[in-house]
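The values are calculated or read from the model by the stated rules, or taken from the named source; none is laboratory data. None of the values given here were measured: they were computed from a predicted structure. Every residue, glycine as well, gets a Cβ built from its backbone with ideal geometry; the counts of neighbours run over all protein chains shown. Surface accessibility is based on the protein's heavy atoms, side chains included, excluding ligands, DNA and RNA. Shrake-Rupley method; radii C 1.70, N 1.55, O 1.52, S 1.80 Å.
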Amino acid sequence: MDKLIFLDNGATSFPKPDEVYSFMDRFYRNFGVNPGRSGYDLCMETGELVENTRAMLTEFLNGKDPNRLCFSYNSTDALNLIINGMLKEGDHVITTNLEHNSVLRPIYHLQEFCGVEADYVPFDSQGFVDPDDFPKRFRKNTRLVIVNHTSNVIGTIQPIREIGAQCKERGIPFAIDASQSAGKIPIDIDRQNVDVIAFTGHKSLLGPTGIGGLYVREGVEIRHTRAGGTGVRSAVRTHLEEYPYRLEYGTLNTLGVAGLHAGLKWIQKKGQESIHKHEMKLATMLRDGLKDIEGVTLYCLDDLENHIGILLFNVDGFEALNTGTILDVDYNIACRTGLHCAPLVHEQLGTSEIHGAVRFGIGPFNTEEHINTAVQAVKGIAESRK
Ligand SMILES: Cc1ncc(COP(=O)(O)O)c(C=O)c1O
């Protein structure tokens, strides 16, 4: 067993489909120029790939206007643009205990330095927020509701459609962090009553690091919190108002766009639903295997309906970090341990005091053999304690 078993797909998907590597290589060798800045052929062709990818992603999210799909560097970048561009002093925001630090920290900064108020909705014992928990927190000055579509810690898919409906009824903008969900499960900005979507390219969309984006529904405006080059209308003194320039700053990561393009095409060829089905079959095997091991605690895994292939557990008598080290050193299994950049999840689960938990994240290239090995490895660790 000399080959790495990669079960850290919640952090980033690895490996990527071969088509992603080969397309990026071909693209950058042949079209690696700055798009939108000049009129020569190469520049136009690079621009075409960018615009094609904008259109593909817009359609994928069921958006209407590709110009409102802006590229960013990752979802942290997109979420900062959203949170800082939609909230100002005296505003109130509602979010949840399921959030990643890329939502929590921008909000904490605004609370600490800009007089913004925030409410954090807890999740239930199985890891779901209740849509009815939102209306009672709405205030006159609530200007944004932002929710993690799919938890990166416990893998639960949140009822965004119902939360979105509550927001829509009161005219409050609703944003989702789709870092884990985009590429794994359907996102439909219209049907799910969402106003703004933040996504990252390197996780479920199977692209490289350094590319992500946001889609902003028509009628929702995000203030500029940065300014810089757009490649067009250079004489205008302030940053351009129109999309997509409004939320794009400086040279785009065109190599990242190319990789994202190839990742999305691969997903569409295989079928998002069949990838998810494969991952959930493995997730069920893994959950069932771990459940039967004495001394293993599973978190929010009673029912795998409304779940992605992210599983959280601990082994009695071991700190999560130690379990992870043994999995790595003795079994060549890569996973993620600790607080997973989502400290409120662990606070609510009661795992903060024991320094977090172990997370397995399943990806499209995992196999039943990987899962069997992982179950045997955890069993070995649990038995070594006796
Ligand atoms: C739910 C969630 N939000 C945000 C992020 C941040 O993504 P990125 O590091 O690509 O900005 C992650 C990454 O782990 C995540 O899982």
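Within the accessible surface of the chain, defined with a 1.4 Å probe on protein heavy atoms only, the carbon and sulfur portion equals 49 percent.
Averaging sequence separations of C-alpha pairs under 8 Å and six or more residues apart, then dividing by the length of the chain, give the relative contact order as a whole percent. Relative contact order here is 23 percent. Rolling a 1.4 Å probe across the protein heavy atoms gives the chain an accessible surface of 42 Å² per residue. Modelled this way, with points 7 Å down the Cα-to-C-beta line, the labels at ARG170 and ALA235 are 4.7 nm from one another. ASP302 to ARG161: FRET efficiency via 1/(1 + (r/R0)^6), r the Cβ-Cβ distance, R0 22 Å, to the nearest 0.05? Rounded to the nearest 0.05, the efficiency is 0.45. A simple spin-label model places the labels of LYS140 and LEU321 4.9 nm from each other, with each point 7 Å out along Cα-to-Cβ. Label-to-label distance, VAL329 versus LYS88, with points set 7 angstrom from Cα along the beta-carbon direction: 5.5 nm.
Note on the chain: Cα-Cα pairs beyond 38 Å make up 21% of the total pair count.
With the convex hull drawn around the C-alpha atoms of the range 117-203, the volume per residue stands at 99 Å³. Would you mind checking LYS281/LYS379; LYS168/LYS269; LYS64/LYS168 for any pair whose Cα atoms are more than 27 angstrom apart? Beyond 27 Å: LYS168/LYS269. In plain terms, the chain from ASP288 to SER22 could stretch by 92.0 nm, reckoned as 0.36 nm per residue minus the Cα-Cα distance.
Normalising the Debye intensity of the range 153-259 to I(0), with uniform scatterers on Cα atoms only, and taking log10 at q = 0.11, 0.15, 0.21 Å⁻¹ returns -0.43, -0.77, -1.17.
For trypsin sites (Lys or Arg not before Pro), no site in the range 257-332 is both called loop by DSSP and has at most 15 other Cβ atoms within 10 Å.
Cross-link reach is defined here as a Cα-Cα straight distance under 19 Å, omitting same-chain residues fewer than 8 places apart; for LYS291 the aspartates and glutamates meeting it are GLU279, ASP302, ASP303, GLU305, ASP316, GLU319, GLU368, GLU369, GLU383. Checking every one of the chymotrypsin sites (Phe, Trp or Tyr not before Pro) in the range 1-109 against DSSP loop status and a limit of 16 other Cβ atoms within 10 Å picks out TYR40.
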